[in-house]
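Reviewing the structure listed below.
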Amino acid sequence: MNLKRAKTFNYAVGMFGTSIPINMLKTYAAIYYVDQLGMTTPQLSLMLFIYTFIDAIDNPVYGFFSDRTHSRWGRRRPWLVIGTPLMILTFIAFYSTPEFLAGNALFAYCMLFYILTGTLDSVINANYAALFPEIFRTDATRAKANAMRQAFQLVAMIISIALTPVVTSMLGYSTTAIIYGILGGGVILYMTFMSKEAEITEDEEKPRFWDSLKTLLTNKKFWIAGLANAFYSAAMALVLASMPFYVKYALGLSEGQTTFLFAAVLLIAIGCVAIWAAFVRRYGLMPVWRAALITLAVAFIPLFFANTLVSAIICASLVGFGFAGVITTMDLIGARIMDEDTRQHEVRREGMISSALGFMNRLSGLFTSAGFYLVFLIYGFESGLNPGNQPDMAARFLLTIVPPILMLISFAFSFFIHFDEKEAALPEPQTI
């Protein structure tokens, strides 16, 4: 493996590690606590609502402190080394619920460890994302590196999402979380020590919090890209959380059959990431990003009419194609925003910008929370013990009605952001 490929691999594989724990957390929290343990959908909705605001506060703060960290190990490495084992421990605790808990005690336990795992995941992802524009400086190298890391993410999603129903049926949720946690944490630490971040010079200016916050809040492109990403993330968060309900109540199949639908989405996405990356190189970033957003919006609609496993798998494959396009292009938009900020202000704050974009991403929790509360109000779906009279329509509503609406809003936002394609890329940094 030559040096360029090694650099790309060492960074990109980190996405495999960061994706394993958080995808299991976000995808199976609802089906585990609501359908199996008896927590109600209003309680789940309240938890997601509270978590969204906590996450909104902590993300920019983590990024700011990361940007100001000047150590001989770099800016990002200390945070990744400390945050990774802590996140793994809280993730395992979330799925190792004491059997005696019920009612409000169960709700409090769920909320505590969901928030702790989520906020530590924010620490890790703020620092991991900040390395991307530091290490890769051009659209071409970024498209290549991002295609590889998205492929790693999709492989992780096959394990942590598609295969999880099969694994948990054999091992249980607690043992599965232990295995996923050790696997994901080990890969994150490998990436941390093998990736070379930009060298910190002695005279390099440290970002000031209020100046950085003011600059960020007045950056029109940040808001537009952030909101587009937030609505897309909300759509996919609902897909992940509602797919097990869709399989069980809309298709009338066992929970284990969820594996086939998730696998259809993810395997198609893996095969199509390289196609979308080639589109970026040929047609440019912005038109391909917009094409991916509208493709994903339309792809959800056929799932409403599916009533068998085979027809649902075919429809899910369309979602996989659109999903591949968005994940291939979305991070490149964020990197462009970081580049412009560095050029204009001559200060490095990739951590704060990436975490602030992550905060916008986390706004998706509001829509996920609202989606679950709406199925309670409209269809009377309270829990697995009391699913109401139309659980099939409740599941179809969550998976095939709300996500395309959210994607159309994301698509609309994409037309209000433009970049100067003639601007040169930032120079290659010295590394440590």
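The values are calculated or read from the model by the stated rules, or taken from the named source; none is laboratory data. Note that this is a predicted model, so its numbers are computed, not measured. With ideal geometry, Cβ positions are generated from the backbone for all residues, glycine too; neighbour counts draw on all protein chains shown.
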Mind listing whichever residues of the stretch 129-161 are assigned to a helix (DSSP H, G or I), surrounded by fewer than 24 Cβ atoms within 10 Å (Cβ to Cβ) and of a type in the set (D, E, K, R)? D139, R142, K144
Just one of (1) in contact (Cβ under 8 Å) with a residue 40 or more places away in the chain; (2) among the polar types (S, T, N, Q); (3) assigned to a helix (DSSP H, G or I) trips up N307, so point out which. (3)
On the given criteria, is G181 touching a residue at least 12 places away in the same chain (Cβ under 8 Å), surrounded by fewer than 20 Cβ atoms within 10 Å (Cβ to Cβ) and within 20 Å of the chain's Cα centre (by Cα)? no
For A126, indicate whether it is surrounded by fewer than 16 Cβ atoms within 10 Å (Cβ to Cβ) and modelled with pLDDT under 90. no
Among the residues that make up the stretch 327-346, is at least one of them part of a loop (DSSP other than H, G, I, E, B) and either in contact with a helix residue (DSSP H, G or I) (Cβ under 6 Å, 6 or more places away or on another chain) or among the aliphatic types (A, V, I, L, M) (or both)? no
So if I check each of T18, T52, T8, T97, which one is crowded, with 16+ Cβ neighbours inside 10 Å, of a type outside the set (F, W, Y) and not in a helix (DSSP H, G or I)? T97
Matching entry among L25, L86 (being aliphatic (A, V, I, L, M), touching a residue at least 40 places away in the same chain (Cβ under 8 Å) and either part of a helix (DSSP H, G or I) or under 12 Å from Y114 (Cβ atoms) (or both)): L25
Picked from the stretch 299-343 (must be among the charged types (D, E, K, R) and touching a Lys or Arg at 6+ places or on another chain (Cβ under 9 Å)), the residue surrounded by the fewest Cβ atoms within 10 Å (Cβ to Cβ) is E340
Considering only residues that are part of a loop (DSSP other than H, G, I, E, B) and within 27 Å of the chain's Cα centre (by Cα), look in the stretch 348-395 and name the one that is surrounded by the fewest Cβ atoms within 10 Å (Cβ to Cβ). E382
